[in-house]
Amino acid sequence: MKITPLQQARLQYQPKLPGMLRNGIKQISVLEGEATCSVADQAKIKELFPNTYGKKEITFVKGENTSEAKKQVVGVILSGGQAPGGHNVVCGLYDALKATNKENVLLGFKGGPSGLLNDDYLEFDDEYIDQFRNTGGFDIIGSGRTKLETEQQFEVAAQVCKKHGVTAIVIIGGDDSNTNAAVLAEYFAAKNTGVQVIGCPKTIDGDLKNDDIECSFGFDTATKTYSELIGNIERDANSAKKYWHFIKVMGRSASHVALECALQTQPNICLVSEEVAEKKMSLSSIANYIADSVCARAERGLNFGVAIIPEGVVEFVPEFKTLISEINELLAGSKADEFNKLDSWTEKYSFIENGLSKASMDVFALLPQSIQQQLFFERDPHGNVQVSLIESEKLFSALVKNELDKRKEAGTYKGKFTAQHHFFGYEGRCAFPSNFDADYCYSLGYNAFMLIQYGYTGYLSKVSNLSQPAQQWVAGGMPITKMMNIERRHGEDKPVIRKALVELDGAPFKYFQAHRDIWAVETAFTYPGAIQYYGPTEVCDLTTRTLALEKGKMTMQD
C-alpha cells in the first residue's frame, strides 16, 4: 500500500491524553461517585438489568493503581457505520493494554459483531497496528451492523470468548451498538462468564450525547469535512452568482450535523428537523420559508444562495409522516403484488389515489413525480418506504420552484432561480481524523482498558471537559444503563439508549436562531477551509461550534 506524505506524517502524530492518563499506568487510581439510575423507566430497566443496573460513575485520579494484576485477553469490535477516529480507539486500547503487561493480547473481531459470532479475528501486533494510527476508516478490522440481541447469539459469543480466554470485549459503536453492549454485559454477568463488556461512543450524527457524554467521536471531523465542502460551494455560488445550492447532510434522527455545519458556514437557509416537528411545519410552509429568502435576495440582485437540508427532515413533517404511514399500509401484504403488476405510472397513480385519504393525497399531489415514484419504488424488505433514500434536497428545491412560479405569475417575484443539488454523507465518514478526534478517540480507547483493568462491566468509556485543552480532560466511566429508557420498536417494548435531539432551548440553536434572519438575506457566508493538522493550536485543535456554545466558550457576539 502506497503511503502519501500526509499519511506518513499522521502515522507519527502522538495523540494527546488527559493529564490523569499521562501519569503512567501504576499511578492511576479510581474515585467512585454516586450510584446511577436510568434516564427514564427506572423500574423496568432495573428489572431487565439486575446485575449491571445502578452502578456508580467513576473517575480516574492520580494515586496508587490497586487493580488486580492479571493477563488480559481483550476483544474489540467496530460496530455500525464508519466514523473518523475509530482506528485511534483501537490504538489507544492496544497501547494501554501493552503498557500494563506486555503479555496482554488484543484480538480484533472482523466485520463487526458477526466476527465475534463467527470466530473470525486477528491478533494485533505492533507492526500491524502502527499502519493505522491517526488514519480514517474502519479498515483495520472492518465493521458491520449485526445486532447482538438474542440469547442464542450471546451463548455463541460466550463460547468464542471461552475458547480464546477472552476476559473483556470492547464494542465501539453508536446508540444501538452500545445498547447491545449493555445487554451482552448483563448476559455475561448473569452467567458468571467472567467476561467484561465496555462501550465507546461513536456516531457522526452527534445524537449519542447527554450530560455525561459531551460528544460522540467522529462528529468533529465529519462536520468539519462537510463544512469545508459547503464553504467551497458558498464561495463558488458567490463567484458565479447564478445558482441556489440545496445540500443534504447526514442526520436522519437528529439535526446536529446540519446545525453544526450552519454554525460554521452561515448559509442562507438551514432546516432543523426538531424545529419543523415542534412547529408542525407543512411542506408548503417550509417551501414558503425558503422562497421568502430567495425573493428577498433577488430584490437585492442576488439570485444565488445555499440551503442545508438534514437527511431525515421529511420524517418530521407531520403530514408527510402520515403519508408514509398510509403508503406502508396501502402496500401491506398482497396489495404490494397487485400494485407491482400495474404497467404504467398512470395506472399506479390511480391505485394510489384510491388508497390514500384525501389529506394524504393532497400532500402526495404536491410532490414532484420523481419523488412520488421514489416513495413506491424504494421499499425495504418489509415493504416500508425507505425514507432515508428520498432525495429531500430535490424535493424542497422543486417545491420552492413551484412557489416562485406562483409568485412570478402574481408579479411579486422577478428573479431567476436555478437549483443545484448535493448530498454529503460518505465524504465525511472516513476522513483523516482532526486533532480533536485523534486525541479524543485515543483517550477513549486508553481509558476503556483502564475500566477493564479495574474490573468494570456494562460501562461506557467516558472522557469529558472536552472544550478545554486535552491536558484538562477528565477520564472515567459511566454505566450504560444510565442512558437507557424503554421505547416501542417492532411492536415490542425495548430498552434502548435515548437519542439526543437538537434542543431548541439550547445554546447552539439559540445562536443560530439569533443570526439566521440576517443570513437568509445577506451573503454572510464563511469559509472554514480544510482541516488543519499542523500549526497554531487555535487553528489545529478547534472544537466544534456546538461544543463551544454548549460549554460557554462562544457567545452570541462571536
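Kirkwood's formula applied to the C-alpha pairs of the stretch 177-270 gives a hydrodynamic radius of 15.8 angstrom. Projecting the Cα atoms of VAL294, THR223, VAL272 onto the dipole axis of the stretch 189-327, where Lys and Arg carry +1 and Asp and Glu carry -1 at the beta carbon, places VAL294 farthest toward the positive end. Partner lysines whose Cα lies under 28 Å from the Cα of LYS348, excluding those fewer than 8 positions away in the same chain, are identified as LYS321, LYS335, LYS358, LYS394, LYS401. Which whole-number percent is the relative contact order of the stretch 390-508 (Cα, under 8 Å, 6+ apart)? Over the stretch 390-508, the number comes to 13 percent. Summing charges over all other residues whose Cβ lies under 10 Å from the Cβ of TRP244, with Lys and Arg as +1 and Asp and Glu as -1, gives +4.
Taking amide H as placed 1.01 Å from N in the peptide plane, VAL61 has its amide H under 5 Å from the amide H of SER29, VAL30, LEU31, each at least 5 places away in sequence or on another chain. Each Lys and Arg adds +1 at its Cβ and each Asp and Glu adds -1 at its Cβ; summed about the Cα centre, the stretch 215-323 shows a dipole of about 300 debye. Run a plain Debye calculation on the stretch 314-366 (Cα atoms as equal point scatterers, no solvent) and give log10 I(q)/I(0) at q = 0.17, 0.23 Å⁻¹, rounded to two decimals, same order as the q list. For the stretch 314-366 at q = 0.17, 0.23 Å⁻¹, log10 I(q)/I(0) is -0.53, -0.89.
Mean residue ellipticity at 222 nm, helices only, the chain: -12500 deg cm²/dmol; runs of at least 4 DSSP H residues each add -39,500 (n - 2.57), and the sum is divided by the number of residues. Using a cutoff of 8 angstrom between alpha carbon atoms and counting only pairs six or more residues apart, the relative contact order for the chain works out to 24 percent. With the convex hull of the Cα atoms taken as the outline of the chain, the averaged projected area works out to 27.7 nm². Averaging 1/r over every pair of different alpha carbons in the stretch 328-421 and inverting the result gives a Kirkwood radius of 15.1 Å. Counting only residues at least eight positions apart within a chain, or on another chain, the aspartates and glutamates with an alpha carbon under 16 Å from that of LYS406 are ASP292. Only bridges whose two residues both fall in the chain count here: according to DSSP, what percent of them are antiparallel, nearest 5? Here the share of antiparallel DSSP bridges comes out near 40 percent.
Using a probe of 1.4 angstrom, how much of the accessible area of the stretch 406-558 is carbon and sulfur, in percent?
Working: 3480 of 7030 Å².
Carbon-and-sulfur percentage of accessible area, whole number: 50.
Dividing the convex hull volume of the alpha-carbon atoms in the stretch 1-125 by its residue count gives 186 Å³ per residue. Residues whose amide H falls under 5 Å from that of CYS270, counting only those 5 or more places apart or on a different chain, are ILE308, with hydrogens built in the peptide plane. Here's the list of lysines a cross-link from LYS70 could span, going by alpha-carbon distance under 17 Å and ignoring same-chain residues fewer than 8 apart: LYS26, LYS98, LYS102, LYS162.
Relative to the longest principal axis of the C-alpha atoms of the chain, give the angle of the C-alpha long axis of helix 219-240, reported between 0 and 90° and rounded to the nearest 10°. Computed tilt is about 30 degrees.
Note the angle between two axes, namely the Cα long axis of helix 256-265 and the longest principal axis of the Cα atoms of the chain, as a number of degrees from 0 to 90, rounded to the nearest 10. Around 70 degrees separate the two axes.
Using C-alpha pairs below 8 Å separated by at least 6 residues, the relative contact order for the stretch 232-332 is 41 percent. Pairs of Lys residues in the stretch 429-536 that lie 8 or more places apart, or on two chains, and have C-alpha atoms under 18 angstrom apart add up to 4.
With respect to the chain, whose longest principal axis is taken over its alpha-carbon atoms, helix 86-100 is tilted by about 10°.
Taking amide H atoms as placed 1.01 Å from N in the peptide plane, the amide H of VAL474 lies under 5 Å from those of SER464, ASN465, each 5 or more residues away in sequence or on another chain.
The values are calculated or read from the model by the stated rules, or taken from the named source; none is laboratory data. Here the structure is a predicted model, which means the values were calculated and not measured. Reconstructed Cβ throughout: ideal geometry from the backbone, glycine too, with neighbour counts over all protein chains shown. SASA here: full protein model, heavy atoms, side chains in, ligands and nucleic acids out. Shrake-Rupley method; radii C 1.70, N 1.55, O 1.52, S 1.80 Å.
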